[in-house]
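Reviewing the structure listed below.
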Ligand SMILES: *Cc1c(COP(=O)(O)O)cnc(C)c1O
């Protein structure tokens, strides 16, 4: 099945999904609030993304977008590795049957997490502060292991590169300012147990435009020789991790143009004499398309002229729309014959919480909708359930359904071969 390909808007319900949802509804007495993850679509999407990668460019999955085990199992053989940001994520990745290279980033890493990562042979640790360099140096020395590291840089960035959510180019808790880079590199080089492999920059989320993103990467690549020259042995620095941040357009369905970005990065690398390996660590854009949140209509009413559909579940299970401040797309899966006199009717889709903030979508033109019908919110595979506050109001947690991978597809040979290679 290829519905969820790179060009998908996420606004149609694939027949397989529809069937699985109706089937699950039949087997339960209670009204439905559940997530469905189409692992086959996820596999196809990842394979397409991987196939577009040019020479010298790698694709990692940032698992904080969705770290459910079946998602990790599906992606493990389809990407170059996983990017992790906590001890909990390290455990999730470690329980995955297919061993993959790991990167550990994030502010406020615990000593216990760093130690665990070293012992488990993490491919690279991304260092976010001078203190963290010192702490890791002590740990690596004590464990007598040589640990490859990257310095996460918070570079000065032209204002033109800003998006809705910036992690770099301004004051943030992430990475090390360029002015402190010489000191950071000196401290790493002073420790026999740390080897600097390259630099890491994850500057933003919600990047909508591939041309702007390519310009940002061009800027990093321009800085690369300057940063690298700060090292005692510059030629030993081989990798530039350019982070994730590719946008999903929840409102208009005009998603990020990944193939165009890949082409531009190839051109940029080809123009350099000694280009680094460019590494992406993508979260949202890998897993968003495979997920669907399904809510059953419990009640309908009109209040002060506005029509409401009150549904099982709510924003405590799918916090993404209020967290992003958008009206999420909604698909209608009728279980009754729709009332005919309500064609074109617009609805506000809300959950069961006792707060006016529990709104998933306003002004949805769904026409006639009956109590007992199902509403399906697509594009729910990233930062959906896992960023939510599911115990609020003591509601039962939603069920998670995983639709299996049907075809094995073109699992990547290069990606699987990388498992046996040492180093980052
Ligand atoms: C969250 C995060 C990512 C992934 O970001 P997306 O916007 O989901 O692609 C990548 N790298 C780091 C360091 C992150 O914190």
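What follows is calculated from the coordinates using simple rules that are stated; it is not laboratory data. Predicted model, so just to flag it, every value in this text is computed and none were measured. For neighbour counting, all protein chains shown are included, and Cβ atoms are generated from backbone atoms with ideal geometry for every residue, glycine included.
Given the range 172-214, report the % of alpha carbon pairs whose separation exceeds 17 Å. Kindly include the intermediate steps, with their values, before the conclusion.
Numbers: 461 of 903 pairs.
The answer is 51 percent, as a whole percent.
Using the beta-carbon distance between residue 156 and residue 355 and R0 = 41 Å, what value does 1/(1 + (r/R0)^6) give for FRET efficiency, to the nearest 0.05? If you can, show how the numbers build up before the last one.
Details: r = 41 Å, r/R0 = 1.00.
It comes to 0.50.
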Grab every C-alpha pair in the chain, bin the distances at 10 angstrom width from 0 up to the longest one, and report whole percents. 4, 21, 29, 23, 14, 6, 2, 0
Inter-part distance where the range 204-282 and the range 62-133 are each reduced to a Cα centre, Å: 21
Given the Cα-Cα distance of residue 69 and residue 393 and 0.36 nm per residue of separation, how much length would full extension add, in nm? 114.0 nm
At the level of C-alpha centres, the distance separating the range 295-332 and the range 346-372, in angstrom, is 3
Inter-probe distance in nm under a simple model that places probes 7 Å from Cα toward Cβ, at residue 229 and residue 115: 4.2
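How much mean residue ellipticity at 222 nm does the chain get from its helices, if each DSSP H run of length 4 or more adds -39500 (n - 2.57) and you divide by all residues, to the nearest 500 deg cm²/dmol? Show your work: numbers first, answer last.
Working: 12 runs with 119 residues, N = 424.
Calculated from helices alone, the mean residue ellipticity at 222 nm is -8000 deg cm²/dmol.
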5 Å binning of all Cα-Cα separations within the range 316-368, expressed as whole percents from 0 upward: 5, 18, 25, 22, 16, 11, 4
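Peptides 168-177, 46-55: what's the order by average Cβ count within 10 Å, highest mean first? Before the final figure, lay out the partial values.
On the way: 168-177: 16.2, 46-55: 17.8.
Packing order, densest peptide first, comes out as 46-55, 168-177.
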Quick one: what does P(r) look like for the range 138-242 with 10 Å bins over all Cα pairs, in whole %? 14, 44, 29, 11, 2
Using a 10 angstrom cutoff on alpha carbons, build the Gaussian network for the chain and name the most mobile of 104, 298, 59. 298
Over the alpha-carbon set of the range 1-124, divide Rg by the Kirkwood Rh and report the Rg/Rh ratio to two decimals. 1.05
Compute the Cα gyration tensor for the range 73-212, then decide on rounded, prolate or oblate, letting a ≥ b ≥ c be the square roots of its eigenvalues: rounded whenever a/c is under 1.5, prolate when a/b is larger than b/c in the other cases, and oblate in all that remain. oblate
If you build a Gaussian network model of the chain, linking Cα atoms that sit under 10 Å apart, which residue out of 200, 304, 332 swings the most? 304
Mean projected area (nm²) of the alpha-carbon convex hull when the range 75-116 is viewed from all directions: 2.9
Sort 147-157, 207-217 for me by packing, meaning the mean count of neighbouring Cβ atoms within 10 Å per residue, highest on top. 147-157, 207-217
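Hey, what did the chain get for relative contact order, percent, Cα under 8 Å, at least 6 apart? Can you show the working numbers first?
On the way: 879 pairs, mean separation 91.4, N = 424.
Taking the mean separation of contacting Cα pairs over the length of the chain, I get 22 percent.
What list do you get for 191, 262 if you sort them by fewest beta carbons within 10 Å? Display every interim value, and only then the final one.
On the way: 191 18, 262 21.
The order, fewest Cβ neighbours first, is 191, 262.
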Quick one: if the Förster radius is 45 Å, what FRET efficiency do residue 236 and residue 212 give, using the C-beta to C-beta distance and rounding to 0.05? 0.90
Relative contact order as a percentage, the range 23-138, C-alpha pairs under 8 Å and 6+ apart, gives 18
Could you work out how far apart the two model spin labels at residue 302 and residue 12 are, taking each label as a point 7 Å from the Cα in the direction of the beta carbon, and quote it in nm? 3.4
Highest mean first, what order results for 244-254, 21-31 on Cβ atoms within 10 Å? 244-254, 21-31
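Relative contact order for the range 215-353: what percent, with Cα pairs under 8 Å and sequence separation of 6 or more? Can you show the working numbers first?
Numbers: 125 pairs, mean separation 31.5, N = 139.
In percent, rounded to a whole number, it is 23.
Quick check: residue separation of residue 143 and residue 183 times 0.36 nm, minus the Cα distance between them. What number comes out in nm? Provide the component values of the computation, followed by the final result.
On the way: separation 40, 0.36 × 40 = 14.40 nm, distance 2.42 nm.
12.0 nm is the gain from fully extending residue 143 to residue 183.
What full-extension length gain, to one decimal in nm, is calculated for residue 130 and residue 346 as 0.36 nm per residue of separation minus the Cα-Cα distance? Don't skip to the end; give the middle numbers.
Numbers: separation 216, 0.36 × 216 = 77.76 nm, distance 5.41 nm.
Result: 72.3 nm gained on full extension.
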